[in-house]
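Peer 1: Following this message is one structure expressed as structure tokens.
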Amino acid sequence: MANTNLELSTLGREEEKDNAPRIEKLQQQVEEICGAIVRAAAGEPQFRFRGRRPEIGGKPSGIRAPHLQPDLNSDDFRSFRGAADGIALRLKLSDIDLHRSLMPQTAVGQLLFELMEQLRVESLVPDCYPGMKGNLRHRFEQWCFQFHSSGLTESHIGLLVYTIGQMFWSRLTLNHVMEITEELIEPQRMMLAPHTGKYMINVRKLSHDQAAYAVQALGIISVVDELVEAYKGDESDDDDKSDEDMEELVNSFGLILYPDAGLEGTMGVNGPQVTATDYRELMKQLEKYTVYSSENDRVIHASKLVSEDQRQQHREELDLRIKGQGVNVPRLARDLAAILSAPELDGWNFGEESGHLDAKRLTRLVTSPEYRQIFRRERYQPKSNCLVTFLMDNSGSMKTHIASIATLMEIMCRALEQAGASTEILGFTTRAWQGGKTYKQWQRRGKPANPGRLTELEHIVYKDADTPTKRARLDIAAMLKPSLFREGIDGEALLWAAERMSARSEERRILIVLSDGCPMETATNQNNPEDYLDNHLQQVAGMLETRGDIELYALGFGLDLSTYYRHNLALELPERLENGVFKEILQMIAKHGRRSR
Amino acid sequence: MSDIKVQQPDIMISVRDVFGIDTNLKVPAFSERDDHVPEIDTAYQFNPEVTLAILAGFSRDRRVMVQGLHGTGKSTHIEQVAARLNWPCVRINLDGHISRLDLVGKDTIVLRDGKQITEFQEGIVPWALRRPTALIFDEFDAGRPDVMFVIQRILERDGKFTLLDQNEVIHPHSHFRLFATANTVGLGNSTGLYHGTQMINQAQMDRWNIVTTLNYLPTEDEVKIIQARLPSFNDEKGKQLVQSMIAVADLTRQSFAAGDISTLMSPRTVISWAENIEIFSNPAIAFRLSFLNKCDEAEKPMIAEFFQRCFDQELSESWAHQAAEVMADGQH
């Protein structure tokens with residue numbers, strides 16, 4: 001069962017659950033646009049947002065400044081723009097290793113140091129980017145406003161951090177401090193002035209020199225640290241409270257969201273310039289994944305799982321649904337053909353002015369010497385030599401989407417076939433809930449530690465590549481049977497699908513995963529290290545993407561899949577599918593496929 | 001085609017004086033301008049490295065290929081060097097329709113004294129070979145393979161050229177020079193940007209003695225070019241505007257390199273944008289007419305973002321309009 005609102009836990013409120021797919025999609029659109037801006041403005045093609053965190057070449061970027069994490073629910077688009085511009089400038093103008101090596105020890109110190117460095121680079125935006133300047137200012141002011149209005153400035157430390165942020169910002173950008181809090185921070189400024197003045201005075205002058213600037217920043221932080229200790233001392237009778245305050249404060253800055261330990265992180269999906277060592281590292285990680293027992297696993301054809309009567313019945317449902325769709329299949333087929341085709345030698349063009357001499361026309365040359373169209377030339381026609389495999393997550397939560405997904409897949413298969421590609425529809429689930437026989441075996445053998453995957457897999461073939469969609473109609477309908485849906489182990493399913501694809505002769509192979517959640521299997525999850533299945537999926541997807549012989553795409557329903565897959569699309573499936581949904585899928589394939597070839 | 005009067009370069013000119021490059025090099029040049037010598041564009045900014053490569057081509061008879069993205073002014077660069085040397089110059093665009101016969105020559109029927117007779121009409125290659133001309137093959141990588149093999153012989157320095165139909169061997173003139181420009185380095189259409197380019201036979205690539213790359217100019221130089229071309233941008237306000245325009249162009253180039261968009265703004269586009277601003281006196285409208293309308297529908301919102309960064313102005317293609325309906329923007 002997939003946890004659909006994993007990423008949405010911050011929203012908390014019930015009614016927003018219904019909006020989950022919409023918000024995911026929105027988030028993705030915003031991230032796509034902002035990611036592209038960062039890549040362009042920073043000249044860093046390896047940058048991307050993965051699971052909402054900024055990453056470079058699969059590794060966390062190390063950028064954690066609090067105001068660079070806008071939230072869809074409370075912030076406007078310009079805030080996202082400002083955050084993206086901030087990230088771009090930081091990547092371009094700041095040495096992250098130097099920054100990290102100078103990072104102070106205390107929580108508040110780290111927060112301030114990060115903020116100060118970010119404000120430094122933001123102040124360096126060139127004059128020819130007035131829009132960027134405006135975005136940055138807008139974002140910082142929004143953040144300050146939210147910080148203030150959420151009551152954080154009511155605590156001593158919160159006010160201190162806020163005041164220093166305002167002072168730095170004002171000094172670096174020559175903007176006036178925010179009017180609404182001007183009076184609030186004035187006493188703090190007066191109090192700080194004698195201690196921090198000597199550092200503050202140089203801040204703007206040194207803003208082009210990261211190291212020299214850091215000396216000033218750290219000077220101020222040491223003053224702040226003393227003050228924080230003093231506040232703690234004042235409240236020593238209530239020590240717990242102040243610690244709690246501190247934690248809450250740091251939390252509210254979003255620092256906890258981006259644990260710096262991420263430096264090591266899981267090896268993720270790298271760009272095309274991945275090195276051989278990266279690949280070896282991935283393979284090594286993949287080897288760590290173990291399977292307790294695979295004797296109960298099976299690969300089964302859908303026709304063996306669902307009786308003919310039932311398939312017939314589901315078929316009628318599906319037919320009814322497909323009839324009601326507003327999709328132009330021939331057009332879709334044409335678009336697909338354009339994306340998937342590559343020129344192939346296909347016969348000759350005759351009557352050319354040059355090329356190979358065409359013996360049949362030689363007589364014409366004698367009879368009319370001026371006639372020169374006696375040549376023939378090879379003709380290249382676009383042909384698609386391509387296999388598209390759909391791999392469907394058959395976990396319980398997918399039940400709600402299945403009718404739409406089945407319709408989507410069937411229409412795609414028909415269009416793909418018309419475009420000359422082969423298609424395959426696969427599904428993955430488990431044979432029983434909570435581990436089934438394998439889990440019981442493990443229990444009987446005394447529960448050895450770290451057992452690895454602890455369930456029996458069920459891999460279902462709905463349609464194989466050699467069966468035309470028309471003949472597979474009944475088997476495709478089988479996926480509507482609710483009892484097929486149990487739990488899901490994505491990583492192994494991906495390997496299975498990839499292996500099937502590699503055995504085929506098609507030149508181009510495209511694997512599209514349809515899922516609404518992260519891997520989830522109760523027995524395995526409870527008896528293995530945390531994130532065991534998650535990591536495996538990330539590694540498998542990373543490995544396939546790095547290897548590059550299969551193009552891997554993911555369609556997510558209500559969950560951001562960017563944590564796992566490099567090329568993913570959040571989809572909202574309306575009751576009645578429109579051309580727009582397909583257009584989005586096509587665009588994704590067109591955009592990324594073009595370059596990977 | 002009229003003939004060239006002066007047959008030999010008769011003066012030496014100083015590279016430092018004419019091209020502003022810090023070197024004591026002197027190169028041979030013609031004292032008289034011929035019809036075939038290109039016009040001098042005084043606003044042209046020479047790239048020192050490429051200029052030296054081209055000059056080596058002229059003075060030492062090297063075969064020089066200039067490679068680079070479109071709109072960087074590759075052909076113009078060679079022409080402008082030739083213009084300053086008064087060296088006659090002929091450009092041929094090797095598009096897919098140039099055939100062997102066009103280059104070499106073919107029999108044609110002409111009327112003479114009221115009678116039809118067949119006569120061999122020389123193609124451009126034999127014509128140029130006999131004269132002190134610089135022959136420039138534009139879009140060298142778009143040439144068809146059969147055409148390329150015609151060129152292969154003359155690529156060699158003392159390569160004699162045989163006209164099979166005429167039983168004639170042509171010895172190239174001692175001041176015949178050969179140049180080419182290409183978008184790719186003979187590797188074909190690997191980015192998807194240059195459809196119609198071909199892989200160049202390695203034996204052909206080998207015969208180019210110098211391959212130089214002309215990339216986009218540094219921002220200051222690009223600003224100077226535009227200001228030189230369009231004097232109305234020659235004040236402080238104009239300079240600021242041009243800098244922002246080049247910033248947009250730069251973002252599209254970086255974004256193209258990252259694979260996010262499939263069209264980029266070449267210096268040529270920036271210049272036509274600037275010219276269109278003079279006509280419409282509105283940077284946004286001129287931007288749409290000179291670049292945005294050439295872009296893929298799906299990429300327009302991205303490009304609108306670049307524009308917003310550099311002009312602080314929202315285009316109607318911008319995603320921000322959509323955002324106002326669906327995001328927190330609308331709630332305020």
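The values are calculated or read from the model by the stated rules, or taken from the named source; none is laboratory data. As the structure is a computational prediction, the values presented were derived from the model and not from experiment. Glycine gets a Cβ as well: all are built from the backbone with ideal geometry, and neighbour counts include every protein chain shown. Calculation scope for accessible area: heavy atoms of the full protein, side chains included, ligands and nucleic acids excluded. Shrake-Rupley method; radii C 1.70, N 1.55, O 1.52, S 1.80 Å.
Peer 1: Please list, ordered by first then second residue, the pairs with beta carbon atoms under 8 Å, 6 or more apart or interchain, first in segment A:475-490 and under 14 Å from A:THR522 (Cα atoms), second aromatic (Phe, Trp, Tyr).
Peer 2: Within 8 Å, the pairs are A:ARG486/A:TRP433; A:GLU487/A:TRP433; A:GLY488/A:PHE428; A:ILE489/A:PHE428; A:ASP490/A:PHE428; A:ASP490/A:TYR564.
Peer 1: While we're looking at this one, here's another question. Within segment A:117-126, which residues are within 14 Å of another protein chain (Cβ to nearest Cβ) and aliphatic (A, V, I, L, M)?
Peer 2: Of everything in segment A:117-126, just one residue is within 14 Å of another protein chain (Cβ to nearest Cβ) and aliphatic (A, V, I, L, M), namely A:VAL125.
Peer 1: Related question: Suppose the filter is surrounded by fewer than 21 Cβ atoms within 10 Å (Cβ to Cβ), assigned to a helix (DSSP H, G or I) and either modelled with pLDDT of 90 or more or not small (Gly, Ala, Ser) (or both); does A:ARG139 pass it?
Peer 2: no
Peer 1: Further, regarding this structure: Could you list all residues from segment A:324-336 that are in a loop (DSSP other than H, G, I, E, B) and either surrounded by fewer than 16 Cβ atoms within 10 Å (Cβ to Cβ) or of a type in the set (S, T, N, Q) (or both)?
Peer 2: Those that are in a loop (DSSP other than H, G, I, E, B) and either surrounded by fewer than 16 Cβ atoms within 10 Å (Cβ to Cβ) or of a type in the set (S, T, N, Q) (or both): A:GLY324, A:GLN325, A:ASN328.
Peer 1: Only one residue in A:ALA421, A:ALA406, A:ALA432 is open to solvent by 10 Å² or more (accessible area, probe 1.4 Å), aliphatic (A, V, I, L, M) and either under 26 Å from A:TYR532 (Cα atoms) or at pLDDT 85 or above (or both), so which one is that?
Peer 2: The match here is A:ALA432.
Peer 1: Right, something else. Looking at (1) over 15 Å from A:HIS301 (Cα atoms); (2) open to solvent by less than 40 Å² (accessible area, probe 1.4 Å), which is the only condition A:TRP496 fails?
Peer 2: Answer for A:TRP496: the failing condition is (1).
Peer 1: Here is a follow-up. Are any residues in segment A:98-127 free of Cβ contacts under 8 Å to residues at least 40 places away in the same chain and closer than 16 Å to A:ASP85 by Cα, and if so, which ones?
Peer 2: Answer for segment A:98-127, where residues must be free of Cβ contacts under 8 Å to residues at least 40 places away in the same chain and closer than 16 Å to A:ASP85 by Cα: A:VAL121, A:PRO126, A:ASP127.
Peer 1: Please note which helices (runs of 4 or more DSSP H) are completely contained in segment B:278-332 and include at least 3 residues that are open to solvent by less than 10 Å² (accessible area, probe 1.4 Å) and not aliphatic (A, V, I, L, M).
Peer 2: Where helices (runs of 4 or more DSSP H) fall fully within segment B:278-332 and carry at least 3 residues being open to solvent by less than 10 Å² (accessible area, probe 1.4 Å) and not aliphatic (A, V, I, L, M), they are B:300-311.
Peer 1: Could you please find all residues in segment B:76-120 being among the polar types (S, T, N, Q) and under 21 Å from the mean Cα position of the chain (by Cα)?
Peer 2: B:THR76, B:GLN80, B:ASN86, B:ASN93
Peer 1: Conditions: (1) within 14 Å of chain B (Cβ to nearest Cβ); (2) of a type in the set (Phe, Trp, Tyr); (3) open to solvent by less than 40 Å² (accessible area, probe 1.4 Å). A:PHE390 meets all but one. Number of the miss?
Peer 2: Against the list (1) within 14 Å of chain B (Cβ to nearest Cβ); (2) of a type in the set (Phe, Trp, Tyr); (3) open to solvent by less than 40 Å² (accessible area, probe 1.4 Å), A:PHE390 comes up short only on (1).
Peer 1: Something else: In segment B:300-321, which residues are at the interface with chain A (Cβ under 9 Å from one of its Cβ atoms) and out of contact with any helix residue (DSSP H, G or I) (no Cβ under 8 Å at 6 or more places or on another chain)?
Peer 2: Passing the criteria: none in range.
Peer 1: Of the conditions (1) within 14 Å of chain B (Cβ to nearest Cβ); (2) touching a Leu at 6+ places or on another chain (Cβ under 8 Å); (3) without any contact (Cβ under 8 Å) to a residue 24 or more places away in the chain, A:ASN525 clears all except one; give me its number.
Peer 2: Unmet condition: (1).
Peer 1: Sticking with this one: Could you tell me how many of the residues in segment A:435-446 are touching a residue at least 24 places away in the same chain (Cβ under 8 Å) and open to solvent by 60 Å² or more (accessible area, probe 1.4 Å)?
Peer 2: Residues meeting the conditions: 1.
Peer 1: Determine the pairs where a residue that is more than 8 Å from every other protein chain (Cβ to nearest Cβ) and open to solvent by 20 Å² or more (accessible area, probe 1.4 Å), located within segment A:63-77, has a partner that is of a type in the set (Val, Ile, Thr) and not in a loop (DSSP other than H, G, I, E, B) with Cβ atoms under 8 Å apart, the partner being 6 or more residues away or on another chain.
Peer 2: That search, which allows pairs on different chains as well, returns A:ASP71/A:THR10.
Peer 1: How many residues are assigned to a loop (DSSP other than H, G, I, E, B) and either under 13 Å from the mean Cα position of the chain (by Cα) or not basic (Lys, Arg) (or both) if we restrict to segment A:35-75?
Peer 2: 19
Peer 1: To continue, here is another question. Restricting to segment A:127-155, and then to whatever is away from every other protein chain (no Cβ under 14 Å) and within 18 Å of A:GLN110 (Cβ to Cβ), can you tell me which residue is nearest to the chain's Cα centre (by Cα)?
Peer 2: Selected residue: A:PHE147.
Peer 1: For segment B:247-257: of the residues being open to solvent by 20 Å² or more (accessible area, probe 1.4 Å) and among the hydrophobic types (A, V, I, L, M, F, W, C), which is farthest from the other protein chains (Cβ to nearest Cβ)?
Peer 2: B:PHE256
Peer 1: Suppose we keep only residues that are open to solvent by less than 90 Å² (accessible area, probe 1.4 Å) and touching a Ser or Thr at 6+ places or on another chain (Cβ under 8 Å) within segment A:337-368. Which one would you say is modelled with the lowest pLDDT?
Peer 2: It comes out as A:SER354.
Peer 1: For the condition more than 23 Å from A:ILE339 (Cβ to Cβ), small (Gly, Ala, Ser) and crowded, with 24+ Cβ neighbours inside 10 Å, what is the one hit in A:ALA478, A:ALA449?
Peer 2: Residue meeting the stated conditions: A:ALA478.
Matching residues to (1) open to solvent by 70 Å² or more (accessible area, probe 1.4 Å); (2) within 11 Å of chain A (Cβ to nearest Cβ):
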residue: B:LEU214; (1), (2): no, no
residue: B:GLU220; (1), (2): yes, no
residue: B:LYS224; (1), (2): yes, no
residue: B:ALA228; (1), (2): no, no
residue: B:LYS237; (1), (2): yes, no
residue: B:GLN240; (1), (2): yes, yes
residue: B:MET245; (1), (2): no, yes
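Peer 1: Also, quick follow-up: What are the residues in segment A:372-387 that are touching a residue at least 40 places away in the same chain (Cβ under 8 Å) and open to solvent by 50 Å² or more (accessible area, probe 1.4 Å), if any?
Peer 2: A:PRO382, A:LYS383, A:ASN385, listed by residue number.
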